[in-house]
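Report on the following structure.
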Amino acid sequence: MKAPSATNRAATSDEVTKLRLTIEGMFIVSASAVGAIRTLAKMALHECERESGKVDASLIVDALNDICCRAEYADNNICYEAEQWGLGDTDEDVMQRLQAVRALQDALNQPPPAQA
């Protein structure tokens, strides 16, 4: 559903309600992601400040991986919602690349097939 422009008719009550729900959803996703990313970054920074030889590199790597995943999740959700209102990138080549990336991510997240 595209948002009404200044040249279009006024928004209906139903459209305003849907837009508000979209905005609330985008806020929840972004606030949750930013809060988690902030916490993970602080944890990784704290680990970096430990004495030499006592730093757990795997904890830092795990935190950075989680930060990337949370940022990507939030970005995908926010962009999807924006696209529902006619905002964002609509270049067909870009959309095809995004679909290919999402398909690859889905394939990588699948458990390996069971061995017979």
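The table that follows gives values for the structure above.
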{"read-out": "Selected residue (criterion: surrounded by the fewest Cβ atoms within 10 Å (Cβ to Cβ)) from residues of segment 42-59 that are among the aliphatic types (A, V, I, L, M) and touching a Leu at 6+ places or on another chain (Cβ under 9 Å)", "value": "M43"}
{"read-out": "Every residue from segment 89-105 that is of a type outside the set (A, V, I, L, M, F, W, C) and either at pLDDT below 70 or open to solvent by 90 Å² or more (accessible area, probe 1.4 Å) (or both)", "value": "D89, T90, D91, E92, D93, Q96, R97, Q99"}
{"read-out": "Residue within segment 38-45 that is at pLDDT 90 or above, under 30 Å from Q99 (Cα atoms) and of a type in the set (V, I, T) present", "value": "no"}
{"read-out": "The one condition in (1) of a type outside the set (A, V, I, L, M, F, W, C); (2) touching a helix residue (DSSP H, G or I) at 6+ places or on another chain (Cβ under 8 Å); (3) closer than 15 Å to A33 by Cβ that E72 fails to fulfil", "value": "(2)"}
{"read-out": "Candidates D62, D75 - the one that is within 16 Å of R102 (Cα to Cα) and either at pLDDT 90 or above or surrounded by 13 or more Cβ atoms within 10 Å (Cβ to Cβ) (or both)", "value": "D75"}
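The values are calculated or read from the model by the stated rules, or taken from the named source; none is laboratory data. Just so it is clear, the model here is predicted, and its values are computed rather than measured. All Cβ positions, glycine included, derive from the backbone under ideal geometry; neighbour counts span all protein chains shown. Calculation scope for accessible area: heavy atoms of the full protein, side chains included, ligands and nucleic acids excluded. Shrake-Rupley method; radii C 1.70, N 1.55, O 1.52, S 1.80 Å.
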